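Data block below; observations after.
The values are calculated or read from the model by the stated rules, or taken from the named source; none is laboratory data. As the structure is a computational prediction, the values presented were derived from the model and not from experiment. Cβ atoms come from the backbone with ideal geometry, glycine included; neighbour counts cover every protein chain shown.
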Amino acid sequence: MEVLLYTILTLCVLGVLAAVILYFVAQKFRVEEDPRIDEVEKMLPGANCGGCGFAGCRGMADALVKRDDISELFCPVGGGDCMKAIAGYLGKAAAEKQPEVATVRCGGTCEKRPRTNEYNGARSCAVAASLYVGETGCAFGCLGFGDCVAACVFDAIHMNPQTGLPEVDPDKCTACGACVKACPKMVIELRKKWPKNRAVYVSCVSKDKGAVVMKACKAGCIGCGKCEKVCAFGAITVTNNLAYIDPQKCKLCRKCVNECPTGAIKLVGMDPLPKEPKAPAAPKAAPAEAPKAAPAAPKAAPAAPKAAPAEAPKVAPAEKAAQVAPKAAPAEAPKAAPAEKAAPAAPKAAPAEAPSTPKEPNHES
């Protein structure tokens, strides 16, 4: 009995001694924490979503208090009002950031992106993406297993059973970025939140060439560049066969929506611009007949050679006057008809025959 009693007393003394030692050590090496951290943590929404880049709201509060420049720190859940309140409490400049909303950049519905195979593995986008490209011919599109839905703690995203695609509720979305990190295909993007939840964006992330895209999905971007040409604000660029609309430059003019031949550019919260009726094509004017060129002047016919002079007829002895044969007139060259060959030269004139001399009658007495 005495042994048991001594044992209990010894343990109690050792426990008290250890407690005293721990107390003095804690007082010696304790770290003073700024009491403002607790106050800032209370001002944060307390979602602990990690959208700010820290593990939770406590880490965010600690960074806000200790850093002199908090312009790079932003709580997407609390938004600008929350950051202004914290900055006012700490006496620092608040970060100004436009509100954002998660946007699903995939328009490959069940109708426009037919399935080519069936997946029988775990219903997880991360698992399926590590095994193969997916159930369709598009290697870039949404897998449709809902990892983004499970990652959202604000119930702002749901799967649409008719389209097989996730849909974001902009009124509930806090732009925490959890769904962006959960998507292995990087289909979800945080984009500028317009008033009245308006938006214009390219609902495609495929970088394949146009022919390959059209075989896999009828709603994909083919990189034709029509939207880039019609945009007057330089908000659209086409890189690697894919168009992208910069939300900071876009003015919601909606001209690109009408130009897209596949409907890859989505319009949210607005009606499309009425398509301008095409003016009837003007009838083609009959080509004016070219005046016929004047025929080239034919070569002048060679001058007819002079006719040989006719031989003078023999003069009878009784006749005193010599009969001189007239010279034959030179043959006149005929006028050349247009486009006809020149007339052949005139034939040589035949020599004139000398007339026969009549015999004198014999007057004999």
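Just one of the listed residues (Val77, Val25) is under 25 Å from Glu189 (Cβ atoms) and surrounded by 10 or more Cβ atoms within 10 Å (Cβ to Cβ), namely Val77. Only one of the numbered conditions (1) under 38 Å from the mean Cα position of the chain (by Cα); (2) assigned to a helix (DSSP H, G or I); (3) surrounded by fewer than 16 Cβ atoms within 10 Å (Cβ to Cβ); (4) not basic (Lys, Arg) is violated by Asn117, and that is (2). Looking only at segment 45-63, decide whether some residue is touching a residue at least 24 places away in the same chain (Cβ under 8 Å), part of a helix (DSSP H, G or I) and crowded, with 16+ Cβ neighbours inside 10 Å. Yes, there is a match, as at least one residue in segment 45-63 is touching a residue at least 24 places away in the same chain (Cβ under 8 Å), part of a helix (DSSP H, G or I) and crowded, with 16+ Cβ neighbours inside 10 Å.
The requirement of being free of Cβ contacts under 8 Å to residues at least 12 places away in the same chain and over 45 Å from the mean Cα position of the chain (by Cα) is fulfilled somewhere in segment 80-94, by at least one residue.
Checking the stated criteria, Thr174 turns out not to satisfy the condition of being among the polar types (S, T, N, Q), closer than 24 Å to Lys112 by Cα, out of contact with any strand residue (DSSP E or B) (no Cβ under 8 Å at 6 or more places or on another chain) and not in a strand (DSSP E or B). The condition of being at pLDDT below 95, in the same structural domain as Arg113 (by TED's automatic domain parsing), surrounded by fewer than 22 Cβ atoms within 10 Å (Cβ to Cβ) and closer than 24 Å to Gly53 by Cα holds for only one of Lys192, Lys196, that being Lys192.
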